[in-house]
1. Kindly indicate the residue of the stretch 61-109 that is among the aromatic types (Phe, Trp, Tyr) and not in a strand (DSSP E or B) and also nearest to Leu121 (Cα to Cα) among those meeting that condition.
2. Only residues that are in contact (Cβ under 8 Å) with a residue 40 or more places away in the chain, farther than 19 Å from His11 by Cα and either surrounded by fewer than 13 Cβ atoms within 10 Å (Cβ to Cβ) or touching a Leu at 6+ places or on another chain (Cβ under 6 Å) (or both): list them for the stretch 59-91, please.
3. Where the second residue is in a loop (DSSP other than H, G, I, E, B) and surrounded by 16 or more Cβ atoms within 10 Å (Cβ to Cβ) and the first is touching a residue at least 12 places away in the same chain (Cβ under 8 Å) and lies in the stretch 30-41, which pairs have Cβ atoms under 7 Å and are six or more apart or on separate chains?
4. Restricting attention to the stretch 146-192, which residues are of a type in the set (S, T, N, Q) and surrounded by 14 or more Cβ atoms within 10 Å (Cβ to Cβ)?
5. Under the condition of being among the hydroxyl-bearing types (Ser, Thr, Tyr) and closer than 18 Å to Phe57 by Cα, which residue from the stretch 81-118 is modelled with the lowest pLDDT?
6. Just to be sure I understand the filter: pairs with C-beta atoms under 6 Å, separated by 6 or more residues or on different chains, first member in the stretch 47-58 and surrounded by 10 or more Cβ atoms within 10 Å (Cβ to Cβ), second member in a helix (DSSP H, G or I). Which pairs pass?
7. Take residues that are more than 23 Å from His11 (Cβ to Cβ) and tell me which of the helices (runs of 4 or more DSSP H) falling wholly in the stretch 114-195 contain 1 or more.
8. Could you please find all residues in the stretch 147-185 being among the small types (Gly, Ala, Ser), over 18 Å from Leu121 (Cβ atoms) and more than 12 Å from the chain's Cα centre (by Cα)?
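The values are calculated or read from the model by the stated rules, or taken from the named source; none is laboratory data. Given the structure is predicted, the values throughout are model-derived calculations rather than measurements. Because the Cβ atoms are built from the backbone with ideal geometry, glycine has one as well, and the counts that use them run over all protein chains shown.
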Amino acid sequence: MAKHVLIIDGHPDPLAEHYVHALATAYRDGARLGEHEVRSIIVSETAFPLLRTNADFTEGFPVATISHCQESVAWADHLVILFPLWLGSMPALLKGFFEQLLRPGFAFSAVTRGAGHKKLLKGKSARIIVTMGMPGLFYRWYYRAHSLKSLERNMLGFCGVHPVRASIIGMVESMDPRGRGIWLSKIQRLGQRAA
């Protein structure tokens with residue numbers, strides 16, 4: 001069954017040679033082969049201010065670029081989020097983007113004392129693709145993939161996105177062209193299935 005797929009390329013540097021950009025393209029190409037409809041957000045090309053107060057987050061209004069991104073999220077059945085691991089977490093620009101994007105009233109209902117909240121993005125699934133210099137298994141086992149779990153549970157899960165699956169690509173800085181090609185093929189196949 002064809003899906004609406006939204007690819008969020010979270011690398012903060014727009015230079016084309018970054019591997020995250022190639023992985024985003026591979027997923028997009030695979031999704032199109034699978035006859036899925038695809039939209040993309042390139043965070044490094046999206047202008048938005050950083051939020052600085054709780055009032056900005058809970059009561060402020062998103063700028064037009066973020067409103068447009070929210071429309072794409074609302075349209076999507078499946079979200080694909082790609083980023084490089086920087087200092088053990090997602091780059092600050094991507095975190096700032098999510099703070100703008102996943103606002104009360106759009107991603108979840110406002111939390112009231114004792115009443116909890118309503119998850120407004122239910123029915124959507126996600127795939128997170130993370131690149132890193134360390135071995136992927138070391139990140140999972142030694143660091144317990146803490147930043148990935150934060151995105152899965154504290155952000156996406158809080159808003160109702162489920163299931164959330166992850167692809168961790170380690171040792172990218174020392175990976176040879178053959179290894180990179182193998183991963184690009186794997187990601188393209190995931191895109192074809194929109195999985």
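1. First pass over the stretch 61-109, keeping only residues among the aromatic types (Phe, Trp, Tyr): 61, 75, 83, 86, 97-98, 106, 108.
So of that shortlist, the ones also not in a strand (DSSP E or B) come out as 61, 75, 97-98, 106.
Values: Phe61: 19, Trp75: 11, Phe97: 17, Phe98: 14, Phe106: 8 Å.
So, considering only residues that are among the aromatic types (Phe, Trp, Tyr) and not in a strand (DSSP E or B), the one nearest to Leu121 (Cα to Cα) is Phe106.
2. Within the stretch 59-91, Trp75, Ala76 meet the criteria.
3. Sorted first by the residue in the stretch 30-41, then by its partner, the pairs are Ala31/Ala194; Gly34/Ala194; His36/Lys3; His36/Ala194.
4. Correct list: Ser147, Ser150, Ser167, Gln188, Gln192.
5. If we take residues in the stretch 81-118 being among the hydroxyl-bearing types (Ser, Thr, Tyr) and closer than 18 Å to Phe57 by Cα, then Thr112 is modelled with the lowest pLDDT.
6. Correct list of pairs: Phe48/Thr65; Phe48/Ile66; Phe48/Gln100; Leu50/Gly96; Leu51/Phe57; Leu51/Glu99.
7. 136-141, 177-193
8. Taking the stretch 147-185 first, the residues among the small types (Gly, Ala, Ser) are 147, 150, 157, 160, 166-167, 170, 174, 179, 181, 185.
This time we only want the ones that are over 18 Å from Leu121 (Cβ atoms), so: 147, 167, 170, 174, 179, 181, 185.
Of everything in the stretch 147-185, those that are among the small types (Gly, Ala, Ser), over 18 Å from Leu121 (Cβ atoms) and more than 12 Å from the chain's Cα centre (by Cα) turn out to be Ser147, Gly170, Ser174, Gly179, Gly181, Ser185.
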